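Below is one structure; the comments refer to it alone.
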């Protein structure tokens with residue numbers, strides 16, 4: 001398992017603001033990847049990449065509104 005933490009400057013948040021964000025990435029032994037972007041305005045973007053190729057994505061605006069909540073299966 002590997003965990004990576006980094007930060008990005010001046011990125012567009014889901015609410016449209018240009019802010020800094022923290023990036024957290026976790027890879028496990030089964031090839032599952034989780035990437036989480038925490039924007040300084042409070043918005044959040046989470047992406048899961050599963051070992052079977054499926055993708056899950058959730059985007060939440062800083063006021064709690066869920067903008068995206070989807071699971072895309074591999075073909």
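What follows is calculated from the coordinates using simple rules that are stated; it is not laboratory data. Just so we're clear, the structure is a prediction, and the values are computed from it rather than from any experiment. Reconstructed Cβ throughout: ideal geometry from the backbone, glycine too, with neighbour counts over all protein chains shown.
Sorting 58, 9 from the fewest to the most surrounding beta carbons within 10 angstrom yields 9, 58. When only alpha carbons of the stretch 1-50 are considered, Rg and Dmax amount to 11.8, 36 Å.
Computing FRET efficiency as 1/(1 + (r/R0)^6) for residue 34 and residue 62, where r is the C-beta to C-beta distance and R0 is 25 Å, gives about 0.75.
Only Cα pairs under 8 Å and 6+ residues apart enter the sum, and on that basis the relative contact order of the chain stands at 21 percent.
The simple spin-label model puts a point 7 Å past each Cα toward its Cβ; for residue 71 and residue 49 those points are separated by 2.0 nm.
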